[in-house]
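Right, one structure below, let's go through it.
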Amino acid sequence: MIRWIVTDLDGTLVGRDLLMVESSRKALLRYMAAGGRVVLATGRSEHSARRFYDELDLSGGAILYNGARTVDLRDDRVLASSRLPAAAWHAVTRLFGELPGGVYPVVFSGGRALALHEVPELRDYARRDGLDLHRPPGGWGAVPADDVTKCMLIGAVDLLPDLGIEGTTTMRSEAAYLEVLPEGATKGAALRAFAASEGVPLTQVAAIGDNPNDLDMIAAAGLGVAVGDGHPDVRAGADLVVGPCADGAVADLVEHALSGWKDHGQAP
């Protein structure tokens, strides 16, 4: 019995056109009408994830910033949150001065996305995520050291060595995105904590994603599902591989979940 479907956005529920895949959107609405619950789990921020949350008319928590924060986007209540330690933030700012050409930082602090560079790579990122990038007054040194949710390094991140910054977790969420998060902040950790707080056994949760930042979430769920055109490591680590994103990967999962309900002769 799958009571929750936890879904990544980009490359899973959301296609290359930056819209929800229609067949997956309709399937999730059908799943919720039958009594199931849908939880978004994404690297996006509150502002960036909200349009998809609203389009599905969701309620309750959404896992954001790749697990650094869980927020009820109905009323903006923060249900769980972690931040970079001040020492880690200072180490990150020192790193910014040593970045190779073609790598640009974006920092999330105080509910805003901050950037110093005006380059095509960041404009494309902002367009894709529906964000406004703000220039931090006074530069990086003026950003409150105790209020940084995550940093992103965007561009030629394959040129970077292992960062190894104490107090952080580093993950690659896309080929050109390297994310620096508070230590222990992952989608999987956030899912475990959120499901426990709601009294939902992980055995009754299905999670679907396409990129390596989804791996521990897929491992945490009772049913871990990979998008058919997702990263090979994700496909290898999943319990179930469904169709490609554009062909309705999430719709395939919904059909699987609802068929399980029929087998039990009940809804959750």
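The values are calculated or read from the model by the stated rules, or taken from the named source; none is laboratory data. Model, not experiment: these values are computed from the prediction. Please note: Cβ atoms are built from the backbone with ideal geometry, for glycine as well, and neighbour counts cover all protein chains shown.
What to note about this one:
- Residues satisfying the stated conditions in segment 162-193, i.e. of a type in the set (Ser, Thr, Tyr), more than 20 Å from Glu98 (Cβ to Cβ) and either surrounded by fewer than 16 Cβ atoms within 10 Å (Cβ to Cβ) or at pLDDT below 95 (or both): Thr169, Ser173
- Screening segment 223-256 for residues that are small (Gly, Ala, Ser) and more than 22 Å from Lys26 (Cβ to Cβ) and picking the one that is surrounded by the fewest Cβ atoms within 10 Å (Cβ to Cβ) gives Ala236.
- Looking across segment 219-238, the residues that are among the charged types (D, E, K, R) and touching a helix residue (DSSP H, G or I) at 6+ places or on another chain (Cβ under 9 Å) come down to Asp229, Asp233.
- Test: Gly260 is not assigned by TED's automatic domain parsing to the domain that holds Leu153 and not in a helix (DSSP H, G or I): no
- For segment 41-63, residues that are out of contact with any Ser or Thr (no Cβ under 6 Å at 6 or more places or on another chain) and either of a type in the set (Asp, Glu) or within 18 Å of Ala193 (Cα to Cα) (or both) total 9.
- Here is the figure for segment 94-111: residues that are at pLDDT 95 or above and out of contact with any Leu (no Cβ under 9 Å at 6 or more places or on another chain) total 1.
- Test: residue in segment 122-145 that is farther than 30 Å from Val234 by Cα, surrounded by fewer than 16 Cβ atoms within 10 Å (Cβ to Cβ) and in contact with a Pro (Cβ under 9 Å, 6 or more places away or on another chain): yes
- Counting only residues that are in contact with a Lys or Arg (Cβ under 8 Å, 6 or more places away or on another chain) and part of a strand (DSSP E or B), segment 167-206 holds 6 of them.
- Per this entry, Val92 is not counted among residues that are in contact (Cβ under 8 Å) with a residue 12 or more places away in the chain, of a type in the set (A, V, I, L, M) and assigned to a strand (DSSP E or B).
- Qualifying residue in segment 114-134 (condition: part of a loop (DSSP other than H, G, I, E, B), at pLDDT below 95 and in contact with an Asp or Glu (Cβ under 8 Å, 6 or more places away or on another chain)): no
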